[in-house]
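Structure first, then comments.
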2 protein chains.
Amino acid sequence: MITGKNYIGNVLTSTGKKTFKTFNPQTNQENDVTFTEVSDLEIEVALELATEAFTTFKTTSGAKKSEFLNEIATQLLAFGDTLITIYCSESGLSKERAISERSRTIFQLQTFANLVKEGSWVEATIDTENLERTPIPKVDLRKMLVPLGPIVIFGASNFPLAYSTAGGDTVSALAAGCPVIVKSHPMHTGTGELVAYAVIKAAEITGMPNGVFSNLNSSGIEVGSALVKHPAVKAVGFTGSISGGRSLYNLAAKRPEPIPVFAEMGSVNPVILLPNAASIKGVHWAKKYANSITLGAGQFCTNPGLILGTKGEDLTNFIKNLAKEIIKIEPVCMLHPNIIGAFENNTSRMQQQLGLETIVNYTKDTFKNYGSQIITTVDGATFLENTTLHQEVFGPFSMVVQCENVEQLAIIISKLEGQLTGTILAENELESYSEIVNALQNRVGRIIFNGVPTGVEVCDAMVHGGPYPASTDSRFTAVGINSIKRWVRPFCYQNWPNILLPYELKNENPLNISRLVDGKQTTKKI
Amino acid sequence: MITGKNYIGNVLTSTGKKTFKTFNPQTNQENDVTFTEVSDLEIEVALELATEAFTTFKTTSGAKKSEFLNEIATQLLAFGDTLITIYCSESGLSKERAISERSRTIFQLQTFANLVKEGSWVEATIDTENLERTPIPKVDLRKMLVPLGPIVIFGASNFPLAYSTAGGDTVSALAAGCPVIVKSHPMHTGTGELVAYAVIKAAEITGMPNGVFSNLNSSGIEVGSALVKHPAVKAVGFTGSISGGRSLYNLAAKRPEPIPVFAEMGSVNPVILLPNAASIKGVHWAKKYANSITLGAGQFCTNPGLILGTKGEDLTNFIKNLAKEIIKIEPVCMLHPNIIGAFENNTSRMQQQLGLETIVNYTKDTFKNYGSQIITTVDGATFLENTTLHQEVFGPFSMVVQCENVEQLAIIISKLEGQLTGTILAENELESYSEIVNALQNRVGRIIFNGVPTGVEVCDAMVHGGPYPASTDSRFTAVGINSIKRWVRPFCYQNWPNILLPYELKNENPLNISRLVDGKQTTKKI
């Protein structure tokens, strides 16, 4: 079923010379299919098709786009176990995880389908004319959000479905009316082709223009660079490492016409364990965090990699309990030998840092490519001085920083780089730590009270982003319906004839959407 | 009254060595006051104060911010003619223009004061918890927009009040809760100091923290570069030339922590004169455009610098009528000898281009520094081949392109760079030119039917921005209440105790703002 070819619009082709295979980390063997890297010519054709598709897709109705997105969901489900099997063989993740991630992907597709079908997301805003106004009559002005153009999406290694080929970035861009060119992830290219088949089939069934979606294989960085530099591309979505995201950002910023890059990158997701919480609930949180740190082999953007507390018996006990709990957990397979290689390099670099003590290093025999959890600790002064210790280790790793006092804790927080999340664990003491809370708010996109940062709800109020380097632009989110805002711009019609206005802005409000008319939010006609 | 010093927070200082003066283009003489360029030390202090001010200003209530903005308006009006006189002496603009620009500035201040007093602009969004949900209970998530931090604003030469010291960029940033550091414009530094005095006085009267506003003098590019590179700065607003805006964008993109730069830059604001309009209303539009091109000596971002039509008798007559009308108009003073110098260089570079014919070159004797209007014409093929002809000439200059046919017209539009506005002049023919309209929409932020692009209404539905190089990020606008979105990011609280939530997100909805609660827009409490 998997051909190893690229979808250039609706057509499978493989004119390139370079090939590669994906790898099954559970069996420690290459998978069978040979993938052909996309050629320069195929890139050109994909972008020409996307540009052409945009001329009609940009004004395709919300109802039609909704059919398209729902049909992608139907097609994904129609694969049944085939998709799950390939997913597992290319990621080392469990069948349960595959099924739950598929559910999330389906939910995202349906959420955006509902959003565009309802239609109010375009923020239609109308200021009617006032010919009597002096000294100058007021013109009629009508604004709505319109799509930017073809978007390039780079899938995430750690979410082969929900943040890859037809994941959150792709779906939000398609919902906006932007054609999407996916640079398929080299670790799960087969899963990617299968999902691409579903998208293409859905596009054909629902009458979307050829070029609305392409899926390009590549194992190196050249294809991604070529895409970001291409004048037909109008924005970029990326989930991955800081170095990868920043490289794409730099390329985009240097273009003759710079374009927005939304890169969701690394994060250590600091957790502040306040004194009462350590004293009263230390055992509880130790267990919760042992699970959160090892969940999915720690391969989540929101994995808690840094726990900050103040020195003392309660923190010492917390560390002991965390060690006791985490050692009980059986390691699981990581995504790819490259991922486990990086994990091992990063943990060993950390362990070489002066003053860092390793509390737990799960050393029982495990299968090849399984990630053994590591817990370390360091004092506040050492952490402050050595910024290497501030860096993310992608995998089941966490560091407990024992601060001298609350003042040092506040200083450490203020020196941290931008983060996706920050968590405060507190027992009837939060009011007394407003300075800590304030400092943490400045550094993060989401702040959590008495919980774990893993688990990112897809809903209206979610923010998955944050100050650099958590993301390249803290004004946007990668998860939730507002993620569509990354791919649209406001567009204004002045004195435009009603008959030629888009439905969203016509006097009659034929779509019955909520609009801001002369300062009042209403579904009424004018 | 004007000291020539810098406002470093609330204190006037001048520890720098470099000095400069502003220039009165009407009298062709330097003005009296000597301004001292801000020193490196003063820059550091201004940014330290702004960073410190942000810790409280970011959570200052909408009611208090509203008082602050309204008080700035009161203080500006309190200057009476003093402000108008200085404005005129530093810009060469008329007293009537000064008064109307002051009104616009006051209106902007009041508009943002009302916006933050009402409070719903923060887009409060609440998804309540659902402990019964399976397989995982749903957490409580609450989101609102929060300010980014200290913002650097570069004022525009052509709007000494409405797009400078306390103009749209500054006011939208202050309304958002961001301290502002203004890099004062060297052409109207005295006007800037007077306005800064009003802002500082208003800050003191309404109890805003010292550092919420600073006003830094400089005549070169070094101060601006230092500000954009400074780690304490979190975003930049700029209005001016493409080269200036792009330089700042490049500096910001190269920072270790890149920051958003919203630069509103040049535009030729293409106008499409369709055949029936040329035939039936040619005389009417010739007169309208003669006025629009020369309004304020053509020194508007939305000045119509390019008129596109199809070759033939009607277009020839339009050009003749435009020439006849525009020659009647008395030239007016331009902003500064540098501006008129650039205008003369740019027009002469244009006139040297092969195939460009000058139709009108107002050559009657005018006062020194007055800008004489120039109308040129060229055929479509020549225009297509020579991109020098696509560039903006800031001043009373316009070019009529005589296209071979509608197909060539469409190609030309698709080859234009991004524009603030595009205009279509049509008489019962718009339906037949959907391809032209489509192509134009792709290139602009605002599209106008049967009007002139000059005149930018401050209202909800306005878009003043557009694809690059009209702006550095087409997803935002520089005019209208949505301009506040440039300076804010979404921030999410998870399971946060109600008592410690900001007022905007508390169950009781004490501010009575409109919120999205579990998918429904409402002012109800939870």
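The values are calculated or read from the model by the stated rules, or taken from the named source; none is laboratory data. The model shown is predicted, which means the values in this text are computed figures rather than measured ones. Cβ: placed from backbone, ideal geometry, glycine included. Neighbour counts: every protein chain shown. Accessible surface areas use protein heavy atoms only, side chains included; no ligands, DNA or RNA. Shrake-Rupley method; radii C 1.70, N 1.55, O 1.52, S 1.80 Å.
Checking the condition closer than 21 Å to B:Ile484 by Cβ and either surrounded by fewer than 21 Cβ atoms within 10 Å (Cβ to Cβ) or in contact with a strand residue (DSSP E or B) (Cβ under 7 Å, 6 or more places away or on another chain) (or both), which residue from B:Asn70, B:Asn6, B:Asn31, B:Asn10 passes? Reasoning before the result, please.
Working: B:Asn6 fails: closer than 21 Å to B:Ile484 by Cβ; B:Asn31 fails: closer than 21 Å to B:Ile484 by Cβ; B:Asn10 fails: closer than 21 Å to B:Ile484 by Cβ.
Answer to the check: B:Asn70.
Inspection of segment B:268-278 finds no residue satisfying the criterion of being open to solvent by 10 Å² or more (accessible area, probe 1.4 Å) and in a strand (DSSP E or B).
Answer yes or no as to whether B:Trp496 is within 11 Å of chain A (Cβ to nearest Cβ) and over 26 Å from A:Phe449 (Cα atoms).
Details: within 11 Å of chain A (Cβ to nearest Cβ): yes; over 26 Å from A:Phe449 (Cα atoms): no.
So B:Trp496 does not fit the description; no.
Selection of strands (runs of 3 or more DSSP E) fully inside segment A:77-178 by the criterion of at least 3 residues being open to solvent by 30 Å² or more (accessible area, probe 1.4 Å) and over 23 Å from A:Lys64 (Cα atoms) returns nothing.
Residues are listed down the side, and each one gets a yes or a no for (1) open to solvent by 30 Å² or more (accessible area, probe 1.4 Å); (2) out of contact with any strand residue (DSSP E or B) (no Cβ under 8 Å at 6 or more places or on another chain); (3) at pLDDT 95 or above:
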| site | (1), (2), (3) |
| --- | --- |
| B:Trp487 | no, no, yes |
| B:Cys492 | no, no, yes |
| B:Glu508 | yes, yes, yes |
| B:Asp518 | yes, no, yes |
| B:Gln521 | yes, no, no |
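I'm trying to understand the selection: among the residues of segment A:50-66, which are buried (at least 19 other Cβ atoms within 10 Å of the Cβ), touching a residue at least 60 places away in the same chain (Cβ under 8 Å) and part of a helix (DSSP H, G or I)? Within segment A:50-66, A:Ala50, A:Ala53, A:Phe54, A:Phe57, A:Gly62, A:Lys65 meet the criteria. Against the numbered list (1) open to solvent by less than 10 Å² (accessible area, probe 1.4 Å); (2) at the interface with another protein chain (Cβ under 7 Å from one of its Cβ atoms); (3) small (Gly, Ala, Ser), A:Gly451 comes up short only at (1). In segment B:13-28, the qualifying residues are those that are in contact with a strand residue (DSSP E or B) (Cβ under 6 Å, 6 or more places away or on another chain) and open to solvent by 60 Å² or more (accessible area, probe 1.4 Å), and the one that is nearest to B:Cys88 (Cα to Cα) is B:Gln26. The listed residues are A:Thr19, A:Thr60, and the only one of them that is modelled with pLDDT of 95 or more and either among the aromatic types (Phe, Trp, Tyr) or more than 30 Å from A:Met144 (Cα to Cα) (or both) turns out to be A:Thr19. Has segment B:468-487 got any residue that is closer than 30 Å to B:Glu129 by Cβ and in a loop (DSSP other than H, G, I, E, B)? No. Cβ separations smaller than 6 Å between residues 6+ apart or across chains give the following pairs from segment B:228-255 residues that are outside any strand (DSSP E or B) to residues that are open to solvent by 50 Å² or more (accessible area, probe 1.4 Å): B:Ala232/B:Thr51; B:Leu251/B:Lys229. Checked against the criterion of being touching a residue at least 24 places away in the same chain (Cβ under 8 Å), within 27 Å of A:Gln494 (Cα to Cα) and part of a helix (DSSP H, G or I), the candidates B:Ile339, B:Ile319 yield just one match: B:Ile319.
Check whether at least one residue in segment A:282-296 is closer than 27 Å to A:Ala439 by Cα, over 29 Å from the mean Cα position of the chain (by Cα), open to solvent by 20 Å² or more (accessible area, probe 1.4 Å) and in contact (Cβ under 8 Å) with a residue 24 or more places away in the chain, and report yes or no. Yes, segment A:282-296 contains at least one residue that is closer than 27 Å to A:Ala439 by Cα, over 29 Å from the mean Cα position of the chain (by Cα), open to solvent by 20 Å² or more (accessible area, probe 1.4 Å) and in contact (Cβ under 8 Å) with a residue 24 or more places away in the chain.
For segment B:177-190, the condition holds for at least one residue, the condition being that it is assigned by TED's automatic domain parsing to the domain that holds B:Lys58, over 19 Å from the mean Cα position of the chain (by Cα) and in contact (Cβ under 8 Å) with a residue 60 or more places away in the chain. The residues of segment A:148-184 that are within 14 Å of A:Ser483 (Cβ to Cβ) and not hydrophobic (A, V, I, L, M, F, W, C), listed by number, are A:Tyr163, A:Gly167, A:Gly168, A:Asp169, A:Thr170, A:Ser172.
Give the residue, chosen from B:Glu457, B:Glu427, that is modelled with pLDDT of 95 or more, of a type in the set (Asp, Glu), assigned to a loop (DSSP other than H, G, I, E, B) and outside the structural domain of B:Ala162 (by TED's automatic domain parsing). Selected residue: B:Glu427, the only one of B:Glu457, B:Glu427 that is modelled with pLDDT of 95 or more, of a type in the set (Asp, Glu), assigned to a loop (DSSP other than H, G, I, E, B) and outside the structural domain of B:Ala162 (by TED's automatic domain parsing). Per the conditions (1) closer than 19 Å to B:Ser157 by Cα; (2) touching a residue at least 40 places away in the same chain (Cβ under 8 Å); (3) open to solvent by less than 10 Å² (accessible area, probe 1.4 Å); (4) part of a helix (DSSP H, G or I), the sole criterion not satisfied by B:Ala203 is (1).
All but one of (1) modelled with pLDDT of 95 or more; (2) under 16 Å from B:Glu264 (Cα atoms); (3) more than 8 Å from chain A (Cβ to nearest Cβ) hold for B:Ser474; which doesn't? All conditions pass for B:Ser474, except number (3).
To keep it simple, each residue is scored yes or no on (1) of a type in the set (Ser, Thr, Tyr); (2) open to solvent by 20 Å² or more (accessible area, probe 1.4 Å); (3) away from chain B (no Cβ under 11 Å); (4) free of Cβ contacts under 8 Å to residues at least 60 places away in the same chain.
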{"position": "A:Thr421", "(1), (2), (3), (4)": "yes, no, no, no"}
{"position": "A:Leu425", "(1), (2), (3), (4)": "no, no, yes, no"}
{"position": "A:Asn428", "(1), (2), (3), (4)": "no, yes, no, no"}
{"position": "A:Ile447", "(1), (2), (3), (4)": "no, no, no, yes"}
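Suppose the filter is in a helix (DSSP H, G or I), free of Cβ contacts under 8 Å to residues at least 60 places away in the same chain and more than 14 Å from every other protein chain (Cβ to nearest Cβ); does A:Ser225 pass it? So A:Ser225 fits the description; yes. Restricting B:Asn442, B:Asn512, B:Asn438 to residues that are out of contact with any helix residue (DSSP H, G or I) (no Cβ under 6 Å at 6 or more places or on another chain), facing chain A (nearest Cβ under 7 Å) and either of a type outside the set (Ser, Thr, Tyr) or part of a loop (DSSP other than H, G, I, E, B) (or both) narrows the list to B:Asn438.
Aliphatic (A, V, I, L, M) and in contact with a Pro (Cβ under 8 Å, 6 or more places away or on another chain): is that true of A:Leu131 in this structure? Yes: the conditions hold for A:Leu131. Every listed requirement among (1) modelled with pLDDT of 95 or more; (2) outside any helix (DSSP H, G or I) is met by B:Thr363 save one, (1). Taking the stated definitions as given, is A:Ser241 open to solvent by 10 Å² or more (accessible area, probe 1.4 Å) and among the small types (Gly, Ala, Ser)? Yes; evaluated as a whole, the condition is true for this residue. Only one entry in A:Leu145, A:Leu161 is more than 24 Å from A:Thr189 (Cα to Cα) and either in contact (Cβ under 8 Å) with a residue 60 or more places away in the chain or away from every other protein chain (no Cβ under 14 Å) (or both), namely A:Leu145.
For segment B:401-415, check the following and say yes or no: at least one residue is β-branched (Val, Ile, Thr), within 14 Å of chain A (Cβ to nearest Cβ), buried (at least 23 other Cβ atoms within 10 Å of the Cβ) and in contact with a strand residue (DSSP E or B) (Cβ under 9 Å, 6 or more places away or on another chain). Yes, some residue in segment B:401-415 is β-branched (Val, Ile, Thr), within 14 Å of chain A (Cβ to nearest Cβ), buried (at least 23 other Cβ atoms within 10 Å of the Cβ) and in contact with a strand residue (DSSP E or B) (Cβ under 9 Å, 6 or more places away or on another chain).
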